[in-house]
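Notes follow the structure.
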Amino acid sequence: MRRVALVLVLLAAGCSRTSRKPPLEFIPDMDRQPRFRVQGETSFFADRRMSRPPVPGTVARGQLPSRLVPASSPLPWNLQTLERGRQRFEIYCAPCHGRTGAGRGIVALRGKWPAGDLREARIQQLSDREIFEVITNGVRTMPPYRFQIEEQDRWAIVAYVRVLQRAARGTLDDVPPELRGELR
């Protein structure tokens, strides 16, 4: 029991004293590392600036220059492209936007947020590149699909969205006269 009391007294005595010496640091990690001050000057670099310019060609995340993404689809608009776009649209887009693009897919109907109506005028005014970038990077509650959908398939989806938009504002005059009798 005397030993425990002695240890407690020594610990209490050790805590009550103050010292002007810095504490011992066994593993200083990043507490005491050299660093540059923002906008400071140094002799380490030839231009004597501490802040370094970005590496040439660096692109901030989500800021891909427009010149690298074509303004319109690089794919030909043919039946094969539109069929591929329809397939990919029904796999990735229809659960939220619905098969017609009206924004009434099963996820949107049961979820707490509405999906956008791809046929509305605001979205029709977007360029092909803007629609492609929304598919690629997502917007608001829509997630990005750059990793799930290949680039060519994203362009095929853009082509199919344009078909849905055109079909939504179509009239009877758009149907060839020989096919009008087959309409219900």
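The values are calculated or read from the model by the stated rules, or taken from the named source; none is laboratory data. Please read these numbers as outputs of a predicted model, since none were measured by experiment. In this analysis, Cβ positions are derived from the backbone assuming ideal geometry, glycine residues included, and neighbour counts consider all displayed protein chains.
For the reader, a short list of remarks on this structure follows.
- Residue, modelled with the highest pLDDT, within region 56-103, restricted to residues that are farther than 13 Å from Ala159 by Cα and β-branched (Val, Ile, Thr): Ile91
- In region 113-131, the residues that are under 18 Å from Ala168 (Cα atoms), assigned to a helix (DSSP H, G or I) and without any contact (Cβ under 8 Å) to a residue 40 or more places away in the chain: Ala121, Arg122, Ile131
- If you go through region 76-112 and pick out every residue that is in a helix (DSSP H, G or I) and among the aromatic types (Phe, Trp, Tyr), you end up with 2.
- Screening Ile149 against (1) touching a residue at least 60 places away in the same chain (Cβ under 8 Å); (2) hydrophobic (A, V, I, L, M, F, W, C); (3) loosely packed, with under 14 Cβ neighbours inside 10 Å leaves a single unmet condition, (3).
- Inter-residue pairs, beta-carbon under 6 Å, first of a type in the set (A, V, I, L, M) and in region 87-109, second in a loop (DSSP other than H, G, I, E, B) and surrounded by 15 or more Cβ atoms within 10 Å (Cβ to Cβ), 6+ apart: Ala94/Gly105; Ala102/Asp117; Ala108/Ala115
- For Leu179, the stated conditions do not hold, so it cannot be described as within 18 Å of Cys96 (Cα to Cα) and assigned to a helix (DSSP H, G or I).
- Test: residue in region 145-153 that is assigned to a loop (DSSP other than H, G, I, E, B) and more than 20 Å from Arg86 (Cα to Cα): no
- Taking each residue of region 162-181 that is of a type in the set (Gly, Ala, Ser) and surrounded by 10 or more Cβ atoms within 10 Å (Cβ to Cβ) and looking for partners that are at pLDDT 85 or above and not in a helix (DSSP H, G or I) with beta-carbon atoms closer than 6 Å, six or more apart or interchain, yields Ala168/Arg119.
- Residues of region 70-128 that are on the phi > 0 side of the Ramachandran plot and buried (at least 19 other Cβ atoms within 10 Å of the Cβ): Gly98, Gly101.
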